[in-house]
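Asks: Please read through the structure below; I'll follow up with questions.
The values are calculated or read from the model by the stated rules, or taken from the named source; none is laboratory data. A quick note: this is a predicted structure, and the numbers were derived from the prediction, not measured. Ideal geometry is used to build each Cβ from the backbone, glycine not excepted, and the neighbour counts take in all protein chains shown. Areas reflect the complete protein model, heavy atoms only, side chains present, ligands, DNA and RNA absent. Shrake-Rupley method; radii C 1.70, N 1.55, O 1.52, S 1.80 Å.
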Amino acid sequence: MAIRPIYETPDPILRQISKPVETFDDELKTLVSDMFDTMYAAPGIGLAAVQVGVPIRLLVIDLQEPEEEGGEPVRDPNVFINPEVLWHSDTEVPYTEGCLSVPEQYAEVMRPDRIRAKWQDETGQAHERDIEGLLAVCLQHEMDHLNGVLFIDHLSRLKRDMLLKKLAKWRKEQQQKAA
Ligand code: K1U
Ligand code: ZN
């Protein structure tokens, strides 16, 4: 089990365009395993490789709610490598998103409610599927990370500035608590 540090805004690595994955080897499998450990520990429902400092087109998602204390977690790990959106609906829906790279901040973002996506798994096998609901929201959020985009980039300048001020205040409070 290895939990990797999560990079946070405004770290410039989060603005990099991630490179396609070409080699499906043991190193990739270790990274996938570490990303799940890191995401479950955070906790979060998704994580892109660039958030742990590896700018390659890989992301993981598990939408299962964390179990109550003492209970065995029910897990549904999903790995998306080199994902592409082939089609998206014209209908957009709001969802209040968060991001482990923008800690403790949430804001409503509009995204297409249905997409058709293709991707590879950690063995290199290809998949293609229609996706809707929270998985569609989370997949689009994580795919944004692969292109250096954060959910705050979808907000108006005013809302983004307010959120970033709240983030700065929260970080200051965390530092004071730790001192
Ligand atoms: O940083 C990330 O990309 C992960 C992010 C994914 C996400 C959340 C909401 C909408 C779109 C994408 C998170 O997981 S933030 C934390 C979170 O949502 C959560 C944490 C614990 C339990 C349930 C949800
Ligand atoms: Zn995120």
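Asks: Do you know which residues across the range 31-48 are outside any loop (DSSP other than H, G, I, E, B) and over 16 Å from Gly124 (Cβ atoms)?
Replies: Ser33, Asp34, Met35, Phe36, Asp37, Thr38, Met39, Tyr40, Ala41, Gly46, Leu47, Ala48, listed by residue number.
Asks: Please indicate, with yes or no, whether at least one residue in the range 165-176 is open to solvent by less than 90 Å² (accessible area, probe 1.4 Å), out of contact with any Phe, Trp or Tyr (no Cβ under 7 Å at 6 or more places or on another chain) and under 22 Å from Leu58 (Cβ atoms).
Replies: no
Asks: Pick out the one residue from Gly98, Gly148 that is of a type in the set (Gly, Ala, Ser), touching a Lys or Arg at 6+ places or on another chain (Cβ under 6 Å) and within 13 Å of ligand 2 (Cβ to nearest atom).
Replies: After applying the criteria, what remains is Gly148.
Asks: Here's something else I'd like to know. (1) under 22 Å from Pro77 (Cα atoms); (2) within 16 Å of ligand 2 (Cβ to nearest atom); (3) acidic (Asp, Glu); (4) open to solvent by 20 Å² or more (accessible area, probe 1.4 Å): which one isn't true of Glu142, the others all being true?
Replies: So Glu142 meets the others, but not (4).
Asks: Further question on the same structure: Restricting the search to the range 18-43, which residues are open to solvent by 50 Å² or more (accessible area, probe 1.4 Å) and more than 16 Å from ligand 2 (Cβ to nearest atom)?
Replies: Those that are open to solvent by 50 Å² or more (accessible area, probe 1.4 Å) and more than 16 Å from ligand 2 (Cβ to nearest atom): Lys19, Pro20, Glu22, Thr23, Phe24, Asp25, Asp26, Glu27, Lys29, Thr30, Ser33.
Asks: Looking at the structure I just gave you, is Gly98 among the small types (Gly, Ala, Ser) and either surrounded by 18 or more Cβ atoms within 10 Å (Cβ to Cβ) or farther than 22 Å from Leu167 by Cα (or both)?
Replies: no
Asks: Starting from residues that are aliphatic (A, V, I, L, M) and in contact (Cβ under 8 Å) with a residue 40 or more places away in the chain, keep the ones in the range 101-127 and report whichever is surrounded by the fewest Cβ atoms within 10 Å (Cβ to Cβ).
Replies: My answer is Met110.
Asks: Can you tell me which condition Gly46 does not meet? The list is (1) open to solvent by less than 50 Å² (accessible area, probe 1.4 Å); (2) within 12 Å of the chain's Cα centre (by Cα); (3) farther than 24 Å from Asp130 by Cβ, and all the others hold.
Replies: (3)
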